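Below is one structure, written out as C-alpha cells, with a few remarks after it.
The values are calculated or read from the model by the stated rules, or taken from the named source; none is laboratory data. Remember, it's a predicted structure, so these values are computed and weren't measured experimentally. Please note: Cβ atoms are built from the backbone with ideal geometry, for glycine as well, and neighbour counts cover all protein chains shown. Heavy atoms of the whole protein, side chains included, go into the accessibility calculation; ligands, DNA and RNA do not. Shrake-Rupley method; radii C 1.70, N 1.55, O 1.52, S 1.80 Å.
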Amino acid sequence: MANSRLDCVVIGYNEIPFTRYESFVRNYGIDTEAYRDLKFSFVDLNGSKLDYIGLMNYALRQAQYGGRDVPSHLEFKSCEIPNLAAVYIANYLRRRGCRAKHVNLFQYEKDKLIEYLADNPACVAITTTFYVTNQPVNEMVEFIRRHNPHTKIVVGGPLVANHARNFGGEAFRAALDDMGADIYVIEGQGELALSQIVQCLQNGGDLSKVPNIVYFEKDALRRTPVTPENNPMDENFIDWREFAYEGLGATLQTRTARSCAFKCSFCNYPTRAGALTLTGLDVVEKELDTMLEVGGVKNVVFIDDTFNVPISRFKDLCRMMIRKKYPFNWFSYFRCSNSDDEAFELMEASGCKGVFLGIESGSPTILKNMNKAATIDKYRQGIERLREHNILSFASLIIGFPGETAETVRETVDFIKDVKPDYYRAQMWYCEPGTPIQNYRDKYQISGEGFVWNHATMDSLEAMDHIDRMFLTVNDSIWLPQWSFDFWIIPYLMGRNITPDHFKNFMRAAQDLLRLEIASINDHQKESLQRRSLSTIISGAKNW
C-alpha cells in the first residue's frame, strides 16, 4: 500500500438496470404487493418494460434521431446529479489530508472506477443510502474484487445500520457475508470512522482501535466499541470548486442540516441521525458561493428533511439568497405547518421553483396515528399559497398505515382532488422494523413486515387496491413515479433545458400510458390508445 497514489475511492450510487430489477421483482409474482408497487413506475411497449427515463430516451430517439441510439452524453440519466453522499465523503476525507476521489454512477462510470482501482487505493468506500437489499452492493463488490483483489472494501450507511438493528448473531453475520466486503461502518454518520480506517490501512494500524466498525479477522467477526460521532456541519461544508474537474452539470444537491426535527411514527431517520444539527448561514453562503464560482449551475436542491425548520432561520436563509442575487433556482422539502405569508413571499423572491411535501394522508385520524404534527387545513392553505407564488408542489402520500380504513383513504383521495397539487404519488405503507410504530404492534394488531402485512383495519393487498383506484380517479394532479423519477428529476431536467411545461406535457401523456397498464384495458383498445399517447410524447420530444 505504500506506493498507492490514492487513499480512498468513494462510490455514490448503483442503480441496477431497470429491466434486470423488474425481472427480479417479477419472480415474486405479478400479483404481489412489491410488483404491483413497481408497476406504477413503468410502461410496457410491445414487451419492453420502460421506466420513465427509458420512455424519455425512447421518445428522444424517435423524435430527434430517427430511431437511432442517442449519444451517451445526451441520454437522460435519472441519477446524473452529483451524488451528495459521495461528494461529501470525498470532501471530508480531503480536508483531513486523504487522497480521495469519487465515482458518481457505478453503472455509467465503470471505466473510471477501473482506472482508480489501477492506482491501488487503500480502500473503496460504498455508500448505501438508497438500498433496501444487498443486491446493488453485491454487484459492486464483485466488480472491485475482479479488478483489484487487494484493495479493502468498506461499506457503511443505512443498509448496514438496518442489518445491525434487525439481525443478531449468525443472522447478522450471514447478511455481512452476503455483502462480501471487508469492513463495515455502523454509525449514523460514519465519516470519521472511515477516515480512521483509511489511516489504519495506509499506516498498518490496528482496526480494533477504530470505533463503530465491524470487520473479519481470521474468519472471526470483530465489532469495536460504539462511540457516537458528531461531525461539525460548519467544518465540513463542500467546496464545490474542488470537484469542478468532474463536470458537475447544471444541478447540484446540498444540505444545511442533519437529521429531522420531528418524530413521525413511520420513520426511523431521526433515531439513526441523532439530534437536529444546523449549519450556520454564513457557512451555507460560503458553499453556495463555491457553486457560483464553478459556473454553469442553474438549480440547487436542498435535501434537508425539514428545510424550513426553524422558520426564522429559513427566512434568513431566503433573505441571504435574495441579497446575494444567486442565479440558481432552488428546490427543497417543505412543511406547510411551519410557514406563513412572509415565508412564501421570500421563497418566490429567492428563486424557489418547487417543493416536496410529505403530506402522507388527508385523514386527520391517520395524521394523528403518524404523529405528523400537521393539520389538513395547513396543508390546504400551503398548497394554495405555493400555487399563488408559482412554486410547484409534489404531495407524497402513504396508504395503509395502521388505523387506515376505506373511509380514511376516501378522505385522502378527496383531499388530493380538492387541493390539486401539481404532482403526487401514493405508496403503500412499508412495515419497517425499527420505526416507532413497531412499538404499537399489539395495539394495532400488526403482523408481517415489509410489503406484506396486515393490521386490525386493513391488509397490504387491500391497500394496493386503494392505490390503484386513487391513481385511476385523480385527474387534476399528475402521478410522479418513484423508480428513477422522484421529484428531484424536475430540477435535473430543467438543467437539461426541459421546461416545466414540456415536462408536464410529457407526464400527462405518460400517465395516460400508465393507466392502460393499471386499468387492464383489452389489447385492441390498449394498442389504439397507446399509439395516441406515444404520438403526443414523441411530438413533444421534438422540442427537448
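Centre-to-centre, using Cα atoms only, the stretch 392-432 and the stretch 92-114 are separated by 39 Å. Only the Cβ atoms of Lys and Arg (+1) and of Asp and Glu (-1) were treated as charged; on that basis the dipole of the chain about its Cα centre amounts to roughly 720 debye. You can think of it this way: the chain between Ser539 and Glu432 has 34.2 nm of extra reach, that is 0.36 nm per residue less the Cα-Cα gap. Each part gets one Cα centre, and for the stretch 281-315 versus the stretch 166-203 those centres are 32 Å apart.
Residues whose amide H comes within less than 5 Å of that of Met428, counting only those at least five positions distant or on another chain, are Ile399 (H built at 1.01 Å from N in the peptide plane). P(r) for the chain, from all Cα pairs and a bin width of 10 Å, is 3, 17, 27, 29, 19, 5, 0 %, short bins first. For the stretch 28-138, the residue among Leu60, Thr32, Asn83 whose Cα projects farthest onto the positive side of the dipole built from Cβ charges is Asn83. Computed from point charges on the beta carbon alone (+1 for Lys and Arg, -1 for Asp and Glu), the dipole magnitude for the stretch 120-232 about its Cα centre is near 120 Debye.
Label 7 Å along Cα→Cβ of Lys417; the stretch 331-372 residues with amide nitrogen under 18 Å? Hits in the stretch 331-372 for Lys417 at 18 Å: 361-364. The chymotrypsin sites (Phe, Trp or Tyr not before Pro) of the stretch 132-185 that DSSP puts in a loop, and whose beta carbon has at most 15 other beta carbons within 10 Å, are Phe167. Paramagnetic label reach from Arg508 (point 7 Å along Cα→Cβ; backbone nitrogen cut-off under 19 Å): within the stretch 451-490, residues 471-481, 490. Between Ile311 and His524, the distance separating the two model label sites (each 7 Å from Cα on the Cα→Cβ line) works out to 6.0 nm.
Tally Lys and Arg at +1 and Asp and Glu at -1 over the other residues with C-beta under 13 Å from the C-beta of Pro158: what net charge comes out? Result for the neighbourhood of Pro158: 0. The HN-Hα couplings worked out from phi for the stretch 285-290 by the Karplus form 6.51 cos²θ - 1.76 cosθ + 1.60 (θ = phi - 60°) are 4, 4, 5, 4, 4, 5 Hz, whole numbers, x standing for Gly and Pro.
Sorted from greatest to least, the principal axis extents spanned by the alpha carbons of the stretch 227-328 come out as 41, 30, 24 Å. At an R0 of 22 angstrom, the distance between the Cβ atoms of Gln482 and Ala373 translates into a FRET efficiency of 0.35.
Which of Lys49/Lys112; Lys286/Lys504; Lys298/Lys420; Lys112/Lys324; Lys49/Lys110 have a Cα-Cα distance over 31 Å?
Lys286/Lys504; Lys112/Lys324
Counting only protein heavy atoms and a 1.4 Å probe, the chain has 42 square angstrom of accessible area per residue. Against the chain, whose longest principal axis comes from its Cα atoms, helix 84-95 is set at around 20 degrees.
For the stretch 475-544, the equivalent ellipsoid derived from the alpha-carbon gyration tensor has semi-axes of 24, 15, 9 Å in decreasing order. Between Gln427, Val226, Phe307, the Cα set farthest toward the positive side of the dipole of the chain (charges on each charged residue's Cβ, about the Cα centre) is that of Phe307. Give me the Debye-computed log₁₀ of I(q)/I(0) at q = 0.21 Å⁻¹ for the stretch 310-441, equal point scatterers on Cα only, no solvent, two decimals. Taking Cα atoms of the stretch 310-441 as identical point scatterers yields -1.18. If only the Cβ of Lys and Arg carry +1 and only the Cβ of Asp and Glu carry -1, the dipole of the stretch 92-158 around its Cα centre is close to 360 debye.
Rounded to a whole number, what % of the accessible area of the chain do carbon and sulfur atoms account for, probe 1.4 Å? Taking all protein chains in place, the chain shows 48 percent carbon and sulfur surface.
For the stretch 91-143, the pair-distance distribution built from all alpha carbon pairs, in bins 5 Å wide starting at 0, is 4, 16, 27, 26, 17, 10, 1 percent.
Against the main long axis of the alpha-carbon atoms of the chain, helix 376-388 sits at an angle near 90°.
Principal-axis analysis of the Cα atoms of the chain puts helix 169-179 at an angle of about 80° to the longest axis.
Sequence-ordered 3J(HN,Hα) estimates for the stretch 232-243 from the Karplus curve with 6.51, -1.76 and 1.60 and θ = phi - 60° stand at x, 5, 5, 8, 10, 5, 7, 8, 5, 4, 5, 10 Hz, glycine and proline given as x. Of the residues Leu386, Leu281, Phe344, the one whose Cα sits farthest toward the positive end of the charge dipole of the stretch 280-402, with +1 on the Cβ of Lys and Arg and -1 on the Cβ of Asp and Glu, is Leu386. For the stretch 59-194, the equivalent ellipsoid built from the Cα gyration tensor has semi-axes of 30, 19, 15 Å, listed from largest to smallest. For the chain, the antiparallel share of DSSP beta bridges with both residues in that region comes to about 30%. Coupling constants for the stretch 31-36 follow from the phi torsions by the Karplus curve (6.51 cos²θ - 1.76 cosθ + 1.60, θ = phi - 60°), and in residue order they are 9, 6, 4, 4, 6, 5 Hz; glycine and proline get x. Each of Thr499 and Phe216 was given a label point 7 Å from its Cα along the Cα-to-Cβ line. The distance between the two points is 5.7 nm.
Averaging the Cα positions of each part gives two centres, and for the stretch 115-135 and the stretch 1-52 these lie 17 Å apart.
On full extension, the segment bounded by Tyr245 and Ser23 gains 76.2 nm, given 0.36 nm per residue less the C-alpha separation. Stretching Ala118 away from Asn475 to a fully extended chain increases their span by 123.2 nm, per 0.36 nm per residue minus the current alpha-carbon distance. Label-to-label distance, Glu170 versus Glu139, with points set 7 angstrom from Cα along the beta-carbon direction: 3.2 nm.
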